[in-house]
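Undergrad: Before I ask anything, let me first share the structure, which is written out below as structure tokens.
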Amino acid sequence: MDGNKKNRLISKEPEWLNTIFRSIQDGISVLNSDLTIRFVNPIMKKWYSSNLPLIGKKCYRVYHNKDEPCDPCPTIKCLQTGRTEKEIIKGLEGTDVKYIELFSYPIKNETTGEITGVVEFVRNITKTIKAREALKDSKRMLSNLMANLPGMVYQCENLRDWQMNFVSEGSFKLTGYSPEELIDSKVISYQQVIHPVDRNRIWNEVQDALSKNDPFQLTYRIITAQGKEKWVQENGLGVYNQESDLIFLEGFVIDITERKKVEKERIKFSKLESLGILAGGIAHDFNNLLSGIFGNIELALLSMPPDSEAVRYLDTAGNVLEDATNLANQLLTFSKGGEPRRQSLEINEFIKDIAGFSIHGSSCRIGYELQKDLPLVEVDKSQLNQVFTNLLINAKETMKNQGIIIVRTDKIFRKGKTFIKIEIEDEGSGISEENIDYIFDPYFTTKKQGNGLGLATSHSIISKNGGELFVESNLNEGTIFSVLLPVSPSTKFSQAITNESNTVTSCRGKKILFMDDVEVIRNVVRVMLQKMGCQVYCATDGEEVLRKYMSSLQENQKFDAVIMDLTVPGGIGGEQVSQKILEVDPEAVLIVSSGYVNNSILSNPHKYGFKDRLVKPYNFKKLQEVILSCLQ
């Protein structure tokens, strides 16, 4: 190249370099060794426009508004070491350049090697820093969220032992193992946490879902570090790379033990309800039959001299029928309409009366731990008697008629409500783990002579009275049955007020209208009422009752009481007729009767205008008591 051409190129070089500097979107600043600015590109002028002009000033004054160099300062370090240095430092306050990444390159004299200055390459990393901070905040929020989730978040390998890559803090509450113990199976693999019976099923279900690229939902049991069995639900999915290769599994596991208990109770209730529909229908017909048999036996006894040999046989037959009646009443407890007749009750005295009677004839003793001044409970007294009698007799029998039965009462708060808690604790043989889940099921029994209805009936009764019945037991360690009963809204006993001057002591001469669609029952009750001295008129259905009652009003010879069957197949029963009678005679004395408690009328007869109820089968004494009480 000739000399003239070379000189022309050199003369153009500064213009060429300036073009490059202007096109670079990062800052370039050339400093002297004393940190005085020698050159800046347009980007630096733009970023630090508030401090223009920049050239000739100290870098720390115009770039940071400081009176002395920054600490640390990569440029000073570069001047000292002669090497390229890098540092992330804060930008100028009040500008959009919050953070910069500063690269300092030394300028050396080619002849002497002396460092005469520094080229600073300045990159605005404000967005990057903010993104990192946002990511850090997101990770912190995610970590806090996972730590507070009701369960365990995980990432694991698709291996038989489910090797964990990540586990959230919730693992400790769920499994009893910390994340450090589960990650990489350092102490225990997650497969070992899963119940042995469920392990193969879980593996197969996950592999089946992955083969279809579907998420999976699993329900299984785990064994915690404390040896406790829990039910869990796991939701997860496979995570794949761009080549569609499975990398790992992610998901979460939650404790559903309580949900499982609720489901079990619901299934149990469904079984009882289905049985109740069947049992109620059977009991209805059965009680009608018993009414006829019972009544005729009682009438036969009333017609015989007390010393007759036949009386003994009839008494025996009556006792057998009593047992049949009790069985029918147990079946009725399962029926949909077996609603309790609730009243306020003082539980401590009530339970003491039952306990003493229940252990009679045995060597058992009762230890009372009764909380004083408890609120009244709102329950059906007759049904509750059946429950506690059953529980106490069970306790007595499991202790082979000797030992101490502890009875406790206390007030507790549960689900926002106040309950009275009654515990019955025995020292018996306890209940095995395989049996305890079935003791409230109908017809389940471990007794040689049991019918399996006692605890099932008790459970149904307590539920219908708005309470709960549950059990705690271990084999050979005794049993505790706990009953929760709702507190009565009343603050004191409801006392029945009896006016002695108005007490009716005899039914003689009373005019009674009796209705039942079953002929044998009509005949038996008619004779019973006649033996009481009543004038008896019978009807087969509600229409006949209505005609005879209206006629008695017109003739001014009103019936003193009307006893009506609640339902009449294919006809009008007591429920419909009672309203029509009360419309014309609000003072009418109406008594409802039924062999099947299939609606709320028998639970609360007064609400529907009836004075009282007669539940079939009833005897002479019960019939007389109800009539006398209604005529007070």
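The values are calculated or read from the model by the stated rules, or taken from the named source; none is laboratory data. Because the structure is predicted, anything quoted here is derived from the model rather than measured. Because the Cβ atoms are built from the backbone with ideal geometry, glycine has one as well, and the counts that use them run over all protein chains shown. Ligands, DNA and RNA are stripped out before the accessible areas are found, and what is left, the full protein with its side chains, is counted by its heavy atoms. Shrake-Rupley method; radii C 1.70, N 1.55, O 1.52, S 1.80 Å.
Undergrad: Can you tell me the accessible area per residue over the chain, all protein chains present, probe 1.4 angstrom, in square angstrom?
TA: 55 Å²
Undergrad: Note down the magnitude of the dipole of the chain about its Cα centre, charges +1 on Lys and Arg C-beta and -1 on Asp and Glu C-beta and zero elsewhere, to the nearest 20 debye.
TA: 2200 debye
Undergrad: Please tell me which of these pairs span more than 30 angstrom C-alpha to C-alpha: 45/127; 261/616; 77/130; 136/260; 261/372; 464/510?
TA: 261/616; 136/260; 261/372; 464/510, as the Cα separations exceed 30 Å there.
Undergrad: Quick check: at a probe of 1.4 Å, how many percent of the accessible area of the chain sits on carbon and sulfur atoms?
TA: Whole-percent figure for carbon plus sulfur exposure: 50.
Undergrad: Could you please report the charge total around residue 126, scoring K, R as +1 and D, E as -1 over all other residues with beta-carbon less than 12 angstrom from its beta-carbon?
TA: +3
Undergrad: Give the ranking of 531, 510 by solvent-accessible surface, highest area first, calculated with a 1.4 Å probe.
TA: The ordering from most to least exposed comes out as 531, 510.
Undergrad: Considering the dipole of the chain built from charges on the beta carbon (Lys and Arg +1, Asp and Glu -1) around the Cα centre, which of 95, 412, 170 is farthest to its positive end?
TA: With unit charges placed on the Cβ atoms, the residue in question is 95.
Undergrad: Going highest first, how would you order 192-199, 532-539, 421-428 by mean Cβ packing within 10 Å?
TA: 421-428, 532-539, 192-199
Undergrad: Another one. Among (i) 61; (ii) 47; (iii) 33, only one was calculated for this model; which label is it, if the read-out is percent of Cα pairs over 39 Å apart?
TA: (i)
Undergrad: Can you tally the net charge around residue 355? Count Lys and Arg as +1, Asp and Glu as -1, for every other residue whose Cβ sits under 13 Å from the Cβ of residue 355.
TA: Summing Lys and Arg as +1 and Asp and Glu as -1 gives -2.
Undergrad: If you rank 264, 58, 417 by how much accessible surface each has, with a 1.4 Å probe, what is the order from largest down?
TA: 417, 264, 58
Undergrad: Straight-line reach only, C-alpha to C-alpha below 18 angstrom: list the aspartates and glutamates that residue 58 could link to, leaving out same-chain residues fewer than 8 apart.
TA: 34, 67, 68, 71, 93, 120
Undergrad: Another question, if that's okay. Work out the charge dipole of the chain with +1 on the Cβ of Lys and Arg and -1 on the Cβ of Asp and Glu about the Cα centre, then indicate which of 50, 618, 128 is farthest towards its positive end.
TA: The one lying farthest along the dipole's positive direction is 50.
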